[in-house]
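Below you'll find the structure, written out as structure tokens, and then a few comments.
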Amino acid sequence: MGERRYLILLSFLVLFLPGKAWAQCGGIMEPGFQFLTSSRGCAPYTVNLETRYLSSVPGTVYYADWGDGSPVETFTQTNATDVIMTHMYPNSSIDCGYDLTIDASNACNPKGSVVPIVTQVIVWTNDVISINPQVFRVCQGFAESLSFTDNSDWNCFPRATRENSEPRWIQWIYGIGSAATRIPGVQVNGVTPGSYPYLDPEANRNPIYPVTSPGQVSLPDQCTHYTSG
């Protein structure tokens, strides 16, 4: 009698254990996700998303490469359906479209075997204002004439999809430095300013709008035979 009960128990274990292992695996996963926030925002921007992988199970590990140079993050699924991922994109200049890549693995799906999720997060940042040249040296006793060029770095520019494509405005302001260090006798576009700061008096030039790309050029500045006081 004891031997028969042992054989029945052994048969039960043989039949039951494979089913238990399959439950831990879940099958071949198919990727899916949804954004819980918008996929676009102004930096610093925190994005939230939820994985929706078919056949995922508790213990599934997700690997998120946020595309901004930060280390790959891992998230472990603890429920029967999903994980929620959160990441903050910094207020860095110029960068706009970040390629977000998500991979996943579990007992049935080694890392790299599941089709990865690849999507984009668009983050708007401030334009970085710059002019060229930033410094122009004038030698004593020599006349000089020069113009400045706007070579600012615009967020999302140039970019084929141009998410942040609204036109900008630009305003040239002349003579904002200290009067004590200002070179005497300087003219702006052939005019000697009566006071500083000086703005372009021409219509639609103060400010200039719309501007659709960097590269605007200032009025010419002339310095005639500069001599020190």
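Read-outs: derived from the displayed coordinates by stated rules, not from any lab. Here the structure is a predicted model, which means the values were calculated and not measured. Every residue, glycine among them, receives a Cβ derived from its backbone with ideal geometry; neighbour counts consider all protein chains shown.
The table for this structure:
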{"item": "5 angstrom amide H check on Leu219, placed H, neighbours 5+ away", "result": "none"}
{"item": "Of all DSSP beta bridges in region 26-124, antiparallel share, percent nearest 5", "result": "90 percent"}
{"item": "Any cysteine of the chain lacking a neighbouring Cys Cβ under 4.7 Å - listed by number", "result": "Cys42, Cys139, Cys223"}
{"item": "Cα-centred dipole magnitude for the chain, charges only on beta-carbon of K, R (+1) and D, E (-1), debye, nearest 20", "result": "520 debye"}
{"item": "Counting all C-alpha pairs of region 127-229, share separated by more than 22 Å (%)", "result": "39 percent"}
{"item": "Within region 26-124: Cβ-based charge dipole about Cα centre, in debye rounded to nearest 20 (Lys, Arg +1; Asp, Glu -1)", "result": "140 debye"}
{"item": "Sparsely packed trypsin sites (Lys or Arg not before Pro) within region 126-229, loop by DSSP, other Cβ within 10 Å at most 15", "result": "Arg137, Arg159, Arg162, Arg182, Arg205"}
{"item": "Read-out Cα extents along the principal axes in Å, derived from the coordinates shown; its label in (1) 58, 44, 34; (2) 51, 42, 39; (3) 120, 33, 24", "result": "(3)"}
{"item": "Only Lys, Arg (+1) and Asp, Glu (-1) charged, at Cβ; region 54-189 dipole about Cα centre in debye", "result": "400 debye"}
{"item": "Approximate shape of region 62-172 as ellipsoid semi-axes (Cα gyration tensor, √5λ), whole Å, largest first", "result": "48, 14, 11"}
